[in-house]
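I have placed the structure first, in the form of structure tokens, so that the comments after it can refer back to it.
The values are calculated or read from the model by the stated rules, or taken from the named source; none is laboratory data. For clarity, every value in this text was computed on a predicted model and none was experimentally measured. Quick reminder, even Gly has a Cβ in these numbers, built from the backbone with ideal geometry, and neighbours come from all protein chains shown. Just the protein is used for accessible areas: all its heavy atoms, side chains included, with ligands, DNA and RNA removed. Shrake-Rupley method; radii C 1.70, N 1.55, O 1.52, S 1.80 Å.
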Amino acid sequence: MRFLSTSVDKRDEHHAEVTGDLTMLGVTKPISLDVEVDPKLAGANRRVGFKATGVINRLDYGMSFGYPIISDLIHLTVTTEASAGP
């Protein structure tokens, strides 16, 4: 999997929509992710946490095994933390 962002739309101090291209199994499709910035990590400790959520259709990426018994929609949740250097 590879996600390459193409734009960020800041909603407020702790929320944004990140749009980009998701590539899986050689297929690239545009998606949008809702991103929440974790305010508990921001500030003096020079760290910030992010939680991104979105939904993709696995059939768009050629993952058809088990369909329709297994849902075609996949709910994504990605969490990460970034810190500034020393």
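Among what's in segment 33-48 and is surrounded by fewer than 16 Cβ atoms within 10 Å (Cβ to Cβ) and assigned to a strand (DSSP E or B), pick the residue that is modelled with the lowest pLDDT.
Per the criteria, the residue is Arg47.
Scan segment 54-83 residue by residue and report those that are open to solvent by less than 50 Å² (accessible area, probe 1.4 Å), without any contact (Cβ under 8 Å) to a residue 40 or more places away in the chain and out of contact with any helix residue (DSSP H, G or I) (no Cβ under 8 Å at 6 or more places or on another chain).
Gly54, Ile56, Asn57, Arg58, Tyr61, Gly66, Ala82
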